[in-house]
1. Over the range B:11-90, what lengths in whole Å, largest first, do the semi-axes of the equivalent ellipsoid take, defined as the square roots of 5 times the eigenvalues of the alpha-carbon gyration tensor?
2. Largest first, please: the extent of the C-alpha atoms of the range A:8-121 along each principal axis, to the nearest Å.
3. Just rank B:S20, B:S36, A:S86, A:S76, fewest to most, by other beta-carbon atoms within 10 angstrom.
4. Calculated FRET efficiency, A:R112 and A:V34, Cβ-Cβ r, R0 30 Å, to nearest 0.05?
5. So which GluC sites (Glu not before Pro) in the range A:1-62 pass both tests, a DSSP loop state and at most 14 other Cβ atoms within 10 Å of the Cβ?
6. What is the spin-label model distance, in nm, from B:L28 to B:L69 if the labels are put 7 Å beyond Cα along the C-beta direction?
7. Enumerate by residue number the trypsin sites (Lys or Arg not before Pro) in the range A:1-98 meeting two conditions: DSSP loop (anything except H, G, I, E, B), and at most 13 other Cβ atoms within 10 Å of the site's Cβ.
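We did not get these values from a lab; they are worked out from the coordinates using the rules stated. Since we're looking at a predicted model, the values are computed, not measured. So basically every Cβ, Gly included, is an ideal-geometry build from the backbone, and we count neighbours across all protein chains shown.
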Amino acid sequence: MESPGEPAIEVWLEQVVTWLVAVVEAAGVLVIIVGALIALTLFVLALPKRDPVAFVPIRLTLGRFLALGLEFQLASDVLRTAVGPSLAGLAQLAAVAAIRTALNFFLAREIRDEQQLLEELGREMPTLPKVGWWGGGH
Amino acid sequence: MVGTEGVAGPLAGLVDAAASLLALAGVLLAVAIWVSARDLRAALAVLLDLLLVVGLLRLGLLRTWTDLLVAAALVAVRRVVWFGLAQRSHHPAPAAPDPRR
């Protein structure tokens, strides 16, 4: 509903951004859940090999899905700032975004380290498509 | 709060349920890896990865500052454990002395 004194365009924009935030956040959650399900399946399939190194490429794949999901979640955080929340809300948003950014940073480092380990061992990556615009080591 | 408005309403319940299931799957899988591969480090790494998935999913459902602090603490704990694992893998245990000497 339009509040008195607030222009209709602002109300409309707030509704659009709220919807966009929900869609982008849901996309991030979907990517993370799909990545986790794929990784769980691959982990179970790798169990009979009894080889600890066999789990590393699967963890790399999971890491890439998580990084992509985090990008979506960070995008939704940025979108939220467009609707001018309260100061307390903005502080909490900043905290969530900081946690996600830190996770993204450490995830990228872990992926790079694991990739180096695989290269040293001469192992192949799994046949799943690479996700994440940053490509994890290109 | 702002952080809860993305995954709102009925989706929040679904995400929470999915996170709980993934946490359970992570624990079971870690035990299975430990039993089959006899490698505690691999099992712990997989468990930490799946707990990270759970943390990421729950990050969108946070309600209070306490939730946020707990999430940040969990990220820090995960990093410390991961750092410990990485150090151990870079510095393997010294080889056993040659019995012929």
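1. 25, 17, 6
2. Its Cα atoms span 62, 23, 20 Å along the three principal axes.
3. Working: B:S20 13, B:S36 17, A:S86 10, A:S76 27.
By the 10 Å Cβ count, ascending: A:S86, B:S20, B:S36, A:S76.
4. On the way: r = 23 Å, r/R0 = 0.77.
So the FRET efficiency works out to roughly 0.85.
5. Working: sites: A:E2, A:E10, A:E14, A:E25; in loops: A:E2.
Qualifying residues, ordered by number: A:E2.
6. So the two model labels end up 3.5 nm from each other.
7. Numbers: sites: A:K49, A:R50, A:R59, A:R64, A:R80; in loops: A:R50.
Sparse-neighbourhood loop trypsin sites (Lys or Arg not before Pro): A:R50.
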